[in-house]
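Novice: Input: one structure, supplied below.
Please treat every number below as a calculation from the coordinates, not as lab data. Since we're looking at a predicted model, the values are computed, not measured. Positions of Cβ are backbone-derived with ideal geometry, glycine not excepted, and every protein chain shown enters the neighbour counts.
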Amino acid sequence: MPCMLRVDILVKFKEGVDDPEGKSIKHALELLGFEKVKTVKVGKMYTIYLNCDKEEGYEIAESMVRKLLVNPVIHEYEIRVEEV
């Protein structure tokens, strides 16, 4: 029987891809006195609720990632699915 799922999809730049927003935040933190900050990486978290079982939820999430949420040339992603 289907249940309510929460799907979290974390999308971030692959290693080596320029992250201008991360660089800007790092610079601002340094100006505020946080000199020990080495790197800032910026990502996006999508939280999507589905009515289906876990296996189908993961498949749906993978399809969303491939069709809309990620550019595979520059992004990597992580999918977490849990019942709520």
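Novice: Considering the stretch 2-31 alone, what residues qualify as being in contact (Cβ under 8 Å) with a residue 24 or more places away in the chain and of a type in the set (A, V, I, L, M, F, W, C)?
Specialist: The answer is 3, 4, 5, 7, 9, 10, 11, 13, 17.
Novice: How many of the residues in the stretch 7-50 are under 20 Å from residue 61 (Cβ atoms) and within 14 Å of the chain's Cα centre (by Cα)?
Specialist: Initial filter on the stretch 7-50 (under 20 Å from residue 61 (Cβ atoms)): 7-14, 43-50.
Next, only the ones that are within 14 Å of the chain's Cα centre (by Cα) stay: 7-14, 43-48.
Residues that pass the stated criteria total 14.
Novice: If you don't mind, there's one more thing I want to ask. Using the structure shown, decide if residue 70 is closer than 18 Å to residue 10 by Cβ, under 11 Å from the mean Cα position of the chain (by Cα) and hydrophobic (A, V, I, L, M, F, W, C).
Specialist: Yes, satisfied.
Novice: Name the single residue, out of those in the stretch 49-84 being assigned to a loop (DSSP other than H, G, I, E, B) and in contact (Cβ under 8 Å) with a residue 60 or more places away in the chain, that is surrounded by the most Cβ atoms within 10 Å (Cβ to Cβ).
Specialist: Once the filter is applied, the top-ranked residue is 74.
Novice: Counting only residues that are in a loop (DSSP other than H, G, I, E, B) and of a type in the set (D, E, K, R), which one in the stretch 4-36 is farthest from residue 81 (Cα to Cα)?
Specialist: So, considering only residues that are in a loop (DSSP other than H, G, I, E, B) and of a type in the set (D, E, K, R), the one farthest from residue 81 (Cα to Cα) is 35.
Novice: Test residue 39 against the criterion of being of a type in the set (Ser, Thr, Tyr) and not in a strand (DSSP E or B), and give yes or no.
Specialist: yes
Novice: So is residue 74 in contact with a helix residue (DSSP H, G or I) (Cβ under 6 Å, 6 or more places away or on another chain) and β-branched (Val, Ile, Thr) or not?
Specialist: No, not satisfied.
Novice: Would you please name the residue that is farthest from residue 14 (Cα to Cα), looking only at residues in the stretch 33-48 that are free of Cβ contacts under 8 Å to residues at least 24 places away in the same chain and not basic (Lys, Arg)?
Specialist: 33
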